[in-house]
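These notes concern the structure reproduced below.
Since every read-out is calculated from the coordinates, none of them should be taken as a lab result. What you are looking at is a predicted structure, and each value in this text was computed from that prediction instead of being measured. Positions of Cβ are backbone-derived with ideal geometry, glycine not excepted, and every protein chain shown enters the neighbour counts.
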Amino acid sequence: MKNQVKITLKLAFMEKPWSGRFSEDTDKFVEEFTESVSFDKELAQEDISQSKAHVKTLLKAGVLTEEEAEKILKGLESIEKDISQGKVKWKKEFEDIHMNIESELVRRIGEVGLKLHTARSRNDQVVTDEKIYIKKELSEILRELKKLRETLVIKAEENVEVVITAYTHLQRAQPIRLAHYFLAFREAFLKDVERLLDCYRRADELPLGSGAVAGVDFPLDRFYTADILNFNRLARNSLYATSDRDFLVELLFACALTGIHLSRLAEDLILWSSEEFGYVELPDKLCTGSSIMPQKKNPDILELVRGKTGRLTGNLLTLLVVLKGLPTAYNRDLQEDKEPLFDSIKTLKGSIIAMREVIKNIRVKKETMEKKAGGFTLVTDLANYLVEKGMPFREAHKKVGALVSYLVEKRKTPEDLTLEELQRFSLLFEEDVFEILNPFKVADRRETYGGTAKKEVLKMIEIAKREEGL
Ligand code: ARG
């Protein structure tokens, strides 16, 4: 096998790998315009891991001798070490991270380094790096999301005895236990996890060995490579494997949607921390002031969580537009996938951590919440009270509607009503109606599975704790 391998050793480490076919140097502007090392250096570790696995596969295939493989592996390890200490200088002349590492290898170990790229194209190399990167980063995001969910469960448990009004259309709707609110967001983040795990599965398919487009003509044991690199499956079609960025679109979508959940939570808390609501107070250490208005304490951290959703959504759109209409297989346009990817991962991670800190440190102003949880939010239950006494719901709704107009006119709230007043609207009202005229009671009447009654909320907290291993 070894003798069949013909590697062109013409390439010196200072030349471009394709220089054999070219008669003039690359234009400087083109070099600047086409380079990607300024951002794909993010994939340096992944590229080295991949190359190490590739060398072992080439050895197993008889393409490299033991001695050659060992030299290359040692060279790669020394570069790896220097990268981790920030000692390697990346050069735009070598375009991307893949060629930078290769040229650095040749500089360090000489001509044998030129054999590394046998049976590999940057087309299968780059997408393999991306998948290794995504798997690593996803594991981290999932860990951060777990911590955020745990914080929400703990906050829920602390706030079972707090009642707040739920809003629909941003108008006060019905009282709920504050614990129910925190659990709602845990639910959203759990769905995000399901989506992200699906992205992980899709990334867990090894492209390496697909070559430029058609596979490679060396007997590579791709299962062996997959084992070394910890991939669960092999990409089954070289053409698809080198063209595919769908796994990335899905990931950017999952990141954007998780960001949108964080943003909606941030928006609620921004409103709640305003003087108008006065429901929560953010700790000083998480806020910033104004350079001109001394009284200001701004929730910038939450505003940024909300604002960063712009990038997350933008990154998804960028990639979708890059992909649309691309001819099948690798095109250089695909280089444009990296900045959105790195940006979304970094942005989302930061936002999750920021949100966890806020939730952990937020001070709930129980009294204000409670005070505003009563009033007109109770009247749905006055209608339901009449229904329980036998009145059809539509009729009860009408009667209580008239009662509401009366209260508005008199500038009163339902808690001010006397039995005599209530009975003017229906004789079905009796003394026991006063038992439900408080927000806790009203919340606790919602006992259906998934409802806000204390009994249900406590059950859901137990389930959540079990699921989180708390
Ligand atoms: N820097 C390139 C990218 O990010 C690597 C692949 C280049 N392949 C090629 N045939 N020019 O996509």
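Measuring between their Cα centroids, segment 286-349 and segment 134-189 lie 23 Å from each other. Taking label positions 7 Å along the Cα-Cβ direction at both Lys92 and Ser19, the computed distance is 1.9 nm, reported to one decimal.
Sorting Trp18, Trp90 by the number of Cβ atoms found within 10 Å of their own Cβ, with the fewest placed first, yields Trp18, Trp90.
Given their separation in residues at 0.36 nm each and the Cα-Cα distance between them, Asn230 and Ala214 gain 3.4 nm when the chain is fully extended. Loop-located trypsin sites (Lys or Arg not before Pro) in segment 350-431 (DSSP state not H, G, I, E or B) with no more than 10 neighbouring Cβ atoms inside 10 Å: Arg411. Near Met293: Cβ cut-off under 15 Å, other residues only, Lys/Arg at +1 and Asp/Glu at -1. The net charge is 0.
Dipole check for the chain: with +1 at the C-beta of Lys and Arg, -1 at the C-beta of Asp and Glu, and the Cα centre as origin, the magnitude is about 280 Debye. Below 22 Å Cα-Cα, how many Lys pairs turn up in segment 235-370? Only count pairs eight or more apart in sequence, or on different chains, if you could. Total qualifying Lys-Lys pairs in segment 235-370 comes to 21. Model label sites at Phe277 and Arg411, defined 7 Å from Cα along the beta-carbon direction, differ in position by 2.8 nm. Computed on the Cα trace of segment 331-396, the radius of gyration divided by the Kirkwood hydrodynamic radius gives Rg/Rh = 1.46.
Give, in whole angstrom and from largest to smallest, the semi-axes √(5λ) of the equivalent ellipsoid of segment 296-348, with λ running over the eigenvalues of the Cα gyration tensor.
Taking √(5λ) for each eigenvalue gives 32, 10, 6 Å, largest first.
Cβ-to-Cβ counts within 10 Å put Phe440, Phe223, Phe22 in ascending order as Phe22, Phe223, Phe440, the fewest first. Cα centroid separation, segment 441-470 to segment 105-124: 59 Å.
To the nearest ten degrees, helix 454-468 and the longest principal axis of the Cα atoms of the chain are 10 degrees apart. When Leu265, Leu323 are sorted by how many other C-beta atoms sit within 10 angstrom of their C-beta, beginning with the fewest, the order is Leu323, Leu265.
Rounded to the nearest angstrom and listed largest first, the equivalent-ellipsoid semi-axes of segment 264-309 from its Cα gyration tensor are 17, 14, 9. Taking only the C-alpha atoms of the chain, the Rg (one decimal) and the largest Cα-Cα distance, Dmax (whole number), read 31.0, 105 Å. The alpha-carbon atoms of segment 106-184 define a convex hull whose volume equals 158 cubic angstrom per residue.
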